[in-house]
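The values are calculated or read from the model by the stated rules, or taken from the named source; none is laboratory data. In this text the structure is predicted, and so the values were computed from the model without any measurement. Ideal geometry is used to build each Cβ from the backbone, glycine not excepted, and the neighbour counts take in all protein chains shown.
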Amino acid sequence: MREYLDRITIDPNICHGKPCIRGMRWPVEVILDLMLSEMSFTEILEDHPELEKDDLLASLAYAKLVVSGQTFTLAA
């Protein structure tokens, strides 16, 4: 799971410090919203070619850790 979490970045200068994908202006919450709208991974990736499948999986891995209550640190 660490390889996925390495894709999540937090920068106070990007999206008000929300967890984002690879330093881009793609907050994890937006990726999760796309999935919750019942878009498939294929549809999301076709509509947003700057994203990769591992970015979607990273969003899910991050959400899982947040709700698990586990303590974790993102790589700097």
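Structural remarks
- Just one residue in the set 34, 60, 51, 56 is in a loop (DSSP other than H, G, I, E, B), of a type in the set (A, V, I, L, M, F, W, C) and either closer than 16 Å to residue 1 by Cβ or out of contact with any Phe, Trp or Tyr (no Cβ under 6 Å at 6 or more places or on another chain) (or both); that residue is 51.
- For residue 74, the conditions (1) surrounded by 15 or more Cβ atoms within 10 Å (Cβ to Cβ); (2) of a type in the set (A, V, I, L, M, F, W, C); (3) not in a helix (DSSP H, G or I) all hold with the exception of (1).
- Filter result (surrounded by 13 or more Cβ atoms within 10 Å (Cβ to Cβ) and among the hydrophobic types (A, V, I, L, M, F, W, C)) within region 51-71: 51, 56, 57, 58, 60, 61, 63, 65
- Close pairs (7 angstrom Cβ cut-off, 6 or more residues apart or separate chains): closer than 16 Å to residue 21 by Cβ and at pLDDT 95 or above in region 33-49, of a type outside the set (D, E, K, R) and not in a helix (DSSP H, G or I) anywhere: 44/51; 45/51
- Scanning region 1-33 for residues that are within 11 Å of the chain's Cα centre (by Cα) and hydrophobic (A, V, I, L, M, F, W, C) yields 5, 8, 10, 20, 21, 24, 26, 28, 30, 31, 32.
Each row is one residue, and each column tells you yes or no for (1) over 23 Å from residue 70 (Cα atoms); (2) of a type in the set (Lys, Arg); (3) in contact with a strand residue (DSSP E or B) (Cβ under 8 Å, 6 or more places away or on another chain); (4) surrounded by 15 or more Cβ atoms within 10 Å (Cβ to Cβ).
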{"site": "6", "(1), (2), (3), (4)": "no, no, no, no"}
{"site": "10", "(1), (2), (3), (4)": "no, no, yes, no"}
{"site": "14", "(1), (2), (3), (4)": "yes, no, yes, yes"}
{"site": "26", "(1), (2), (3), (4)": "yes, no, yes, yes"}
{"site": "32", "(1), (2), (3), (4)": "no, no, no, yes"}
{"site": "41", "(1), (2), (3), (4)": "yes, no, no, no"}
{"site": "49", "(1), (2), (3), (4)": "yes, no, no, no"}
